[in-house]
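Only one structure is covered here, and it is reproduced in the block below.
Throughout, read-outs are computed from the coordinates displayed, never taken from laboratory work. The shown structure was predicted, so the numbers you read here are calculated from the model rather than taken from an experiment. Note that we place each Cβ from the backbone using ideal geometry, even for glycine, and neighbour counts take in every protein chain shown.
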Amino acid sequence: MARISVLDDDVSLDEPTLIEGFPGVGLVGKIATDHLIDAHEMAHYANVHCDGLPPVTVYRESETAATTPVRLYADPANDLVALRSDVPVNPGAATEVAACLDSWFDEAEPFPIFLSGLGREKDDSPPELYGIATGDGGEALGRADVAAPSESGLVSGPTGAMLAAALEADRDAVGLVVESDPKFPDPEAARVLILDGIDPIAGTETPTDGLVEQATEIRSAKRQLAEQMRQATEESSQAEPLKMFQ
């Protein structure tokens, strides 16, 4: 049965900003979301039970409690919610997962920030960050000075499905697209997402030195998940150029 199981009813959120972290190209959304949860000491707020999610159970180091592979974390002080996913979602199940989360969006009324990587070979220049919006989300992009895309493209996977649902419902939301390593976890691109996109939009201040200093460790820790996604030949969420006649 599809549902969001809240673990702590005492958590009070006013007009929360939701950071979505399904894994995709460069694992940028997951790396950024995991870092936000740790940096802001966010509390495990809810478990996500959705048709289409892999039927697996997750456990953490030094903890005996089993939990779902997709969870919500909350930081009431910053009115922030983060969606953490420890598994990739098959693109064929993206619509089911988006529909499951959509009911919670209607209830909690968060302002969603969806995250996606655009595969680009690495060079010496910093990764470029672009923004797209639904509803009146473009106002948030303007305040944060996030640039519009330099080319046409599309966002797939659960991230794309949730953006499509927001578009259909005329819900205010933004999608942040960052150039990312197409083959390996990319902490540098995740750092750009946080500093130039998430923090200015959400009104948060997130220390990101650890993402740079511990880049090797982060890549090593996330490499297994990245390899699983490559072997499946499908990315959970990704942005890609739209190669067609306009």
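Which order do L7, L115, L129, L80 fall in if you start with the one that has the fewest other Cβ atoms within 10 Å?
Ordered from fewest to most neighbouring Cβ atoms within 10 Å, L7, L115, L129, L80 come out as L7, L129, L80, L115.
Quick one: what Rg and Dmax do you get for segment 3-241 from the alpha carbons, in Å?
Cα-based Rg and Dmax for segment 3-241 come out at 16.2, 47 Å.
Quick one: work out the % antiparallel among DSSP beta bridges in the chain, nearest 5.
Antiparallel bridges make up about 60 percent of those DSSP assigns within the chain.
Count charges around P158 for me, please; just the other residues with Cβ under 10 Å from its Cβ, Lys/Arg as +1, Asp/Glu as -1.
After counting each charged neighbour, the total is -2.
Only counting other Cβ atoms within 10 Å, I'd like I19, I113 sorted with the fewest neighbours first.
I113, I19
Can you give the longest stretch of the chain with no exposed loop site, where a site means trypsin sites (Lys or Arg not before Pro) in a DSSP loop (not H, G, I, E or B) with at most 15 other C-beta atoms within 10 Å?
No qualifying site falls inside 61-182, the longest such stretch.
Scan around Y45 for amide H atoms under 5 Å from its own, H built in the peptide plane at 1.01 Å from N, and keep only partners 5 or more places away or cross-chain.
When sequence neighbours closer than 5 places are left aside, the close amide H contacts are L72, Y73, A74.
Which GluC sites (Glu not before Pro) in segment 2-79 pass both tests, a DSSP loop state and at most 13 other beta-carbon atoms within 10 Å?
E41, E61, E63
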